[in-house]
Amino acid sequence: MNTVFADEPHGECIRVRGLVQGVGFRPTVWRLAQELALTGEILNDSEGVLIRIWGEAEDLKRFLPSLLESLPPLARIDKLECSDWVVGKPPDSFRIIASERGAIHTGVLPDAASCDDCVRETLDPFNRRYRYPFTNCTHCGPRFSILRKIPYDRANTSMAQFPLCEDCRSEYENPDDRRFHAQPTACHVCGPKARLRRQDGSPFSLDRFTSLDDIDAAANLLRTGEIVLIKGIGGFHLACDAANASAVNRLRERKGRPHKPLALMARDIEVIARYAEVGELDRRALLSKEAPIVLLKRREPLSLPDSVAPGMCRLGFMLPYTPLHHLLLRRWERPIVLTSGNLTDAPQITDEVEAIEALDGIADWILSHDRTIVNRVDDSVAVVAAGELRLLRRARGYAPAPLSLPEGFSGLPQILALGSELKNTFCLIKDDQAILSQHMGDLADVRVWEEYQIQLARYRDLFAHEPERIAIDAHPGYHASQLGQKISEELGLPLDQIQHHHAHAAAVLGERAIPIDHPLILTVALDGLGYGLDGALWGGELFLANYHRCQRIGRLLPSALLGGEQAMREPWRNTLAQIFLSIGLKNFIEEFPDLAITDWLKKQPLAVYEHMWRQGTRAPSCSSMGRLFDAVAAACSLAPERLSFEGQAAMLLEAAIAPGMIEKIDDGAYLLPVVTDGGLLGLDPRPLWQPLLSDLRRGLELSEISARFHVGLARSLYSWIEEGFQRANPDSRKIVLCGGVFQNVTLLELLQTQLQDSGFEVLASARLPANDGGLSFGQALVSAARALS
Amino acid sequence: LSHGSGGKAMRDLIEGLILPALGASSTTPLEDQARIDVPEIVGNGGRIAFTTDSYVVDPLSFPGGDIGTLAINGTVNDLAVGGARPTVLSCSLILEEGLPFAILEKMMCSMARAAQAAGVRIVTGDTKVVPRGSADKLFINTAGIGIIPKDVNLEIARIRPGDQLLLNGHLGDHGAAILKARGDLALDADVQSDCQPLHRIIAALLAAAPGTRCIRDVTRGGLATVLNEFAQGAGVGMRIVEDSIPVRPAVRGICEVLGLDPLYLANEGKLLAVVPAEEAGAALEALRACPEGTNAEIIGEVLPNPPGRVVLSSHFGGERIVDMLVGEQLPRIC
Ligand SMILES: [Fe+3]
Ligand SMILES: [Mg+2]
Ligand SMILES: [Zn+2]
Ligand SMILES: [Zn+2]
């Protein structure tokens, strides 16, 4: 703020960039100007918001700090630039000027959970929005999920078909109202309506339920054990009473989802706290405007059927995030199951006709509404680990808010990064910002694949994105990689094929604001698997990495994937591969004849597997840490013969650890020694098997065995890192931990603590998922670095 | 067997072993070409189908067949799926020095038997012996000529949305038999190659379903490859239903253990026919009435969209994309 007349009345021009449109920014400034007796104007333009303000120097000085203090909840300022405003005749009032149109550079807002004011209104019998399920305001409500194109105006959303009534219009036009320019605002008179109906369309009367309205009737149906399909903000959900075991089992059976934990929703924190431990960070996350599903440690004894999350130590809870959910749960003292309305791996359904057809036979009742879901957005999932909230799935509430890039990432071309195969997201770079899509899912499923392409087109449209460079994973079989190759050929664009774990590392570097020219940092990448630079399958690697380079200096000693992809589904195949590798099959059977895993293996065609292993036929070599977790889980008989969802074995293994057990482990942890492996630092899993199997044989509790594995692995990883550090001697004592295995809270906390105690600065992901959900962001950054060099 | 120079040793080999085995008489002078009468196609609108294929397989013999039966049936089938009646074949042999006579003789005999069973004649041929290591035991090339009757016109471009996809029996028998025959995996399963000529069943199919759009023999690359070629060639989508695709339990067992997908396994006696919906019932009946099609099934249908994409509806409501094979079946899951 430089002016020659610092203490005279003068004018200032403030350029604001960030998420500042459609969030009530202008009325906030307007009100502040009234308070401080400042005059001038404010307008939205293609770059964000422009404020021109005039007044006494004293008052002007107070303006910016007060603004930053009273920012509307959904606003995010990325950049402020101030300059003098030279004006002939000082303005005599403060005005909001109608928008100027132009190329839009401001971000698209994610959907936000209902604000307290809106909830209060919805529950207030004397308010005109009493029990109105679509109440929202400038500070809350749907955004991205209803947006067809920009600019963000009602006409460009699925609210276009609901013309404002007179009351809503006057709120909409009043700068002093919470609903000033709230595009999705609505009420009973003019807005969308919720409607309960039978799945088969047959008539019924609300009287039957002696209910207040359709939502109340749906609540009553849930209470009687019915499964109800509910249309939410970003898709349909299937709901049932979480305390009703037969309803939960029926839902699981009908949906074909035997084990995967089901998400729960409860009225408030107090209800949740009866079933799970809610820490301060958990509480904040649950109550945040993003309102994700938060995985919380379950309380014992649990007064819910185990089938809501069989074998898991955490329950996924969320709070109501729309008025409809608030109304539905109003009178519930216990949680309901609220799981995405889809079949097996298919995307969450957003269209009512499709929902009725595809989910035929799952729900008998549908609570739907007539506000179209334009963009499918799943619920986000997060967990608190090592002192931070960490996203496991980034979707509703988070996407597609832009991510700012670290220092040095400027003057970038527009980049399209297409992500991975499973847990896919894609990422656009434009105007030196990254826009990461919401969670898409498994691209091998044709419905996800179609959705992916629709969303790609939508994003490119919404953000006026014209790619100049394409980034893909190096795996030739990924659907996204093949698509990227095709786009690059069709448009004649440079194509960056980026090694899987390099992208994982870069995603963490980018999230932690490591500048572009930072020297190489020691990096541990642990995941299921990724295509390696040597054409082999990697997944337990030690690198020196920055955005430009990723040099492998160590690996988990490889094992065989017996039967290729089959080894990802059947965890015991990895146990067998580890047995071949360590103590040998014959020894194993002689020495450990009475284990359950021995019984199971003896029923398999072991001679064939032994041949496969020896010859490498249908048994590609793979250094994956994810598979080592599978191997241990199956050895302990903690995993089913065939997994029903990805990561299941590792989750069950971690969940087996009883509270307080980790702290008790001192001796007896299973260590993986660091060995020379050609020119690499090998981490050798073989020595863990003899003690682990012996512990199993003598009947040591699985809780302790699992704890010994986790503790031993963390200690071994630490030694590996320390040795890697000595050998490579990088410039800084920083360490990147990346890859899906670090979603294991126990492992992350153990390793992070030990590293920090030894003076390492640990960089791990939090705002982006550690799994492949963050991969496209990393791809985009590596591609950007290449473009700049 | 030693490396010949085209002299007496070669003449002895051909006259003494190959010709008798293939049923030709050594008294007929050896001409440099076969001369074929083609009265049927002159003037009545028929066309000649002409194809060639080379056969290399390890091991040479496997349960249900050998390289000789493959060399006949493979080329016969390539003619047959175009709607042709196969008539004559050529046969070129490339022998590795040192190949035992007994093996060569056995292969020649089984070629002759397969030709006879298929009703085709081998009318010309060639033999070369190459130094050890320049070839693996025995390679065979056969070319074949067939006659396509006047009104038969099978083309990928004729595929239309709504058409039904018919398969004449169990998938993957040949691929599984080869895996077992290699013997290096100690597979214990009763599997036999499905190697068989398909021109008769195709004739029956065309008689019952004259509107048949096109037919392809499902060989290397498996059903997945044929479906993708059809979908891309015709610019249509295709959906197959997992539960309706016949796979023998023994083959499924091998696939489970090895992590293979039967959709990608090789076959040597399977065809995929695209038939308009209104003729699908008759077509299925005709297939099932033939010994080559006892286990025929309707396995899916042609969709308008998305062009070029093949989808598998799985048992639990999943809908997986069925790709062309990229290299080995390389794991993708992270
Ligand atoms: Fe990964
Ligand atoms: Mg062929
Ligand atoms: Zn609100
Ligand atoms: Zn209204």
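Per residue, the protein assembly as shown reaches -9500 deg cm²/dmol at 222 nm when only DSSP H runs of four or more residues are counted, each adding -39500 (n - 2.57). Amide H to amide H, with H built 1.01 Å from N, A:Leu681 comes under 5 Å of A:Gly554, A:Arg555, counting only residues 5 or more places away or on other chains.
Each residue of the range B:182-191 was assigned a 3J(HN,Hα) from its phi angle through the Karplus curve 6.51 cos²θ - 1.76 cosθ + 1.60 (θ = phi - 60°); the sequence is 4, x, 8, 10, 6, 5, 10, 7, 8, 10 Hz, with glycine and proline shown as x. Modelled spin-label separation between A:Leu495 and A:Lys61, with each label point placed 7 Å from Cα along the Cα-to-Cβ direction: 6.1 nm.
Among A:Lys664, B:Lys8, sorting on how many other beta-carbon atoms sit within 10 Å of each Cβ, with the fewest leading, yields B:Lys8, A:Lys664. The separation of the range A:214-251 from the range A:492-551, counted between C-alpha centres, amounts to 43 Å. Beta bridges from DSSP with both residues in chain B: antiparallel share about 75 percent, rounded to the nearest 5.
Annotation: amide H-H contacts under 5 Å for A:Glu761 (H modelled 1.01 Å from N, sequence separation of 5 or more, or interchain): A:Lys734, A:Ile735.
Which whole-number percent gives the relative contact order of the range B:156-321, counting Cα pairs below 8 Å spaced six or more residues apart? The normalised contact order for the range B:156-321 reaches 43 percent. Within the range A:1-73, the GluC sites (Glu not before Pro) that combine a DSSP coil assignment with at most 15 other C-beta atoms in a 10 angstrom radius are A:Glu56. Using a/c under 1.5 as the rounded threshold, could you call the range A:555-764 rounded, prolate or oblate? The axes a ≥ b ≥ c are square roots of the C-alpha gyration tensor eigenvalues, and prolate needs a/b larger than b/c, oblate otherwise. In terms of gyration-tensor shape, prolate. Computed from backbone phi, the HN-Hα couplings of the range A:722-738 come to 4, 5, x, 5, 4, 6, 8, 6, x, 5, 10, 8, 9, 9, 9, 10, 9 Hz, rounded to whole numbers (Karplus: 6.51 cos²θ - 1.76 cosθ + 1.60, θ = phi - 60°; Gly and Pro given as x). Taking a straight Cα-Cα cut-off under 27 Å and skipping sequence neighbours fewer than 8 places away in the same chain, the lysines within cross-link reach of A:Lys193 are A:Lys149, A:Lys231, A:Lys289.
Spin-label pair B:Val56-B:Asp243: with each label point 7 Å from Cα along the Cα-Cβ axis, the two points sit 4.3 nm from one another. Under the convention that each Lys and Arg Cβ holds +1 and each Asp and Glu Cβ holds -1, the size of the dipole of the range B:198-310 around its Cα centre is about 200 debye.
Taking 21 Å as the straight-line reach from the Cα of B:Lys8, the lysines in range (excluding those fewer than 8 positions away in the same chain) are B:Lys128. Close amide H contacts of A:His237 (hydrogens built in the peptide plane, cut-off under 5 Å, sequence separation of 5 or more or a different chain): A:Ile230, A:Lys231, A:Gly232, A:Gly341. Among the chymotrypsin sites (Phe, Trp or Tyr not before Pro) in the range A:149-248, those placed in a DSSP loop whose Cβ has at most 16 other Cβ atoms within 10 Å are A:Phe204. When both bridge partners sit in chain A, DSSP labels roughly 70% of those beta bridges antiparallel. Partner shielding of A:558-565 amounts to 4, given as the average count of beta-carbon atoms from other chains within 10 Å of each residue beta-carbon. For the range A:188-199, the Karplus equation 6.51 cos²θ - 1.76 cosθ + 1.60, evaluated at θ = phi - 60°, returns couplings of 3, 6, 10, x, x, 10, 8, 9, 9, 8, 6, 4 Hz by residue, with Gly and Pro reported as x.
Each part gets one Cα centre, and for the range A:340-416 versus the range B:200-225 those centres are 44 Å apart.
The ranking of A:Trp365, A:Trp449, A:Trp85 by Cβ neighbour count inside 10 Å, starting from the fewest, reads A:Trp85, A:Trp365, A:Trp449.
Straight-line cross-link reach from A:Lys603 at under 16 Å between alpha-carbon atoms covers these lysines, not counting any fewer than eight positions away in the same chain: A:Lys586. Springs between alpha-carbon atoms under 10 Å, Gaussian network over chain B: tell me which of B:Arg252, B:Arg35, B:Arg113 tops the mean-square fluctuations. Per the Cα network of chain B with a 10 Å cutoff, B:Arg35 tops the list.
Working from Cα pairs under 8 Å separated by at least six residues, relative contact order for chain A is 11 percent. Each of B:Val88, B:Val302 has some number of other Cβ atoms within 10 Å of its Cβ, and from fewest to most they run B:Val88, B:Val302.
DSSP assigns beta bridges within the range B:84-176; of those with both partners inside it, close to 55 percent run antiparallel. Residue-normalised convex hull volume from the C-alpha trace of the range B:156-321: 102 Å³ per residue. Here the dipole of chain A is about 1220 debye; that uses its Cα centre as origin and unit charges on the Cβ of Lys and Arg (positive) and Asp and Glu (negative). Taking every alpha-carbon pair under 8 Å whose residues sit at least 6 apart, chain B reaches a relative contact order of 21 percent.
Bear in mind that the values in this text are calculations on the coordinates, not laboratory data. Bear in mind the structure is a predicted one, so any value in this text is a computation, not a measurement. Don't worry about glycine lacking a Cβ; one is built from the backbone with ideal geometry, like all the others, and counts go over all protein chains shown.
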